Structure formats: structure tokens, C-alpha cells
1. Take each of the peptides 29-41, 52-64, average the number of other beta-carbon atoms within 10 Å over its residues, and list them starting from the highest.
2. Among GLN81, GLN13, GLN44, which one shows the biggest mean-square fluctuation in a GNM of the chain, springs joining Cα atoms closer than 10 Å?
3. Report the charge-dipole magnitude of the chain in Debye, nearest 20, computed about the Cα centre from +1 at each Lys and Arg Cβ and -1 at each Asp and Glu Cβ.
4. When the dipole is taken about the Cα centre of the range 43-99, and only Lys, Arg (+1) and Asp, Glu (-1) are charged at their Cβ, what size is it in debye, to the nearest 20?
5. Which residue fluctuates the most in the chain, going by a Gaussian network model with Cα springs under 10 Å, if the choices are SER50, SER70, SER17?
6. Quick one: with all protein chains in place, what share of the accessible area of the chain is carbon or sulfur, to the nearest percent (1.4 Å probe)?
7. Using the Cβ atoms and a cut-off under 14 Å, what net charge is assigned to the surroundings of TYR59, where Lys and Arg are +1 and Asp and Glu are -1?
8. What's the Cα-based Rg to Rh of the chain, Rh via Kirkwood?
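The values are calculated or read from the model by the stated rules, or taken from the named source; none is laboratory data. Since this is a predicted model, take the numbers as computed values, not measurements. Cβ coordinates were reconstructed from backbone atoms using ideal geometry, including for glycine residues, and neighbour counts include every protein chain displayed. We work out accessible area using only protein heavy atoms, side chains counted, and drop any ligands, DNA or RNA first. Shrake-Rupley method; radii C 1.70, N 1.55, O 1.52, S 1.80 Å.
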Amino acid sequence: QVQLVESGGGLVQPGGSLRLSCAASRSIFSIYVMGWYRQAPGKQRELVASITNVGNTNYASSVKGRFTISRDNAKNTVYLQMNSLKPEDTAVYYCNTVPSRGNYWGQGTQVTVSS
């Protein structure tokens, strides 16, 4: 069983930055494509960024140019650097494999962008 623990969320003003981290209980990042997902109130969960085991990345159009996903396989950690944050980025952020595995969902980390 793999546990994924997200951290780094918080309250930030529009235009601000946050760095999210996702730590895995065991080594899976060298095997799977990893992604950051988010779910805003009343909306479906969406994939916003992904990274392959060799470092190729992909982004949703809504975050492209503002968010950067990275991974450290040795630390079993995936990161999401979020810059130029907007109120519409407010959501609970989760990491998981791509495609997602139901038993890998963690509790997520809340990101709130508000003045």
C-alpha cells in the first residue's frame, strides 16, 4: 500500500506563490507518471500537471506558464511550484499517479487565493 501525503498549501494573495510537496511512503516515482490534481468547491477533480519518470511534463492550459511540476525520485517527492496565483486556483490539491489510482488518494492540501 502506498500513502501519498501532500503539504505546502495555505492562504496567499493574488499574484503570490506557493510550493506544494507530495511525499510517498515508498518508491513509486521512478515507475509511474505522477500528477497534481485539484478540486474546487462544486467542481470535478481535474489534472493540472504531470511528469513522467524521465521528467517530461505536461500542463493544463489554465496553469501553463505559471505552474511547474518537478520530482525527486531519491526523496520520493513530487513538487508543484505555483506562481502568479489567481483566485480561480483556489482548490484542494492532490497528487496521484496518472491515471489515478483510487487507493492512492491522500487528504490533499488546501490552497486559497484571496485578498
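1. Details: 29-41: 17.5, 52-64: 12.9.
Highest mean packing first, the order is 29-41, 52-64.
2. Of GLN81, GLN13, GLN44, the Gaussian network model singles out GLN44 as fluctuating most.
3. Numbers: 11 positive and 5 negative charges, 20 e Å.
It works out to roughly 100 debye.
4. On the way: 7 positive and 4 negative charges, 3 e Å.
Using only the charged Cβ atoms, the result is roughly 20 debye.
5. Looking only at SER50, SER70, SER17, the largest GNM fluctuation is found for SER17.
6. Percent of accessible area from carbon and sulfur atoms in the chain: 46.
7. Details: positive: ARG38, LYS64, ARG66; negative: GLU46, ASP89.
Net of charged neighbours comes to +1.
8. Values: Rg = 13.1 Å, Rh = 13.9 Å.
A ratio of 0.94.
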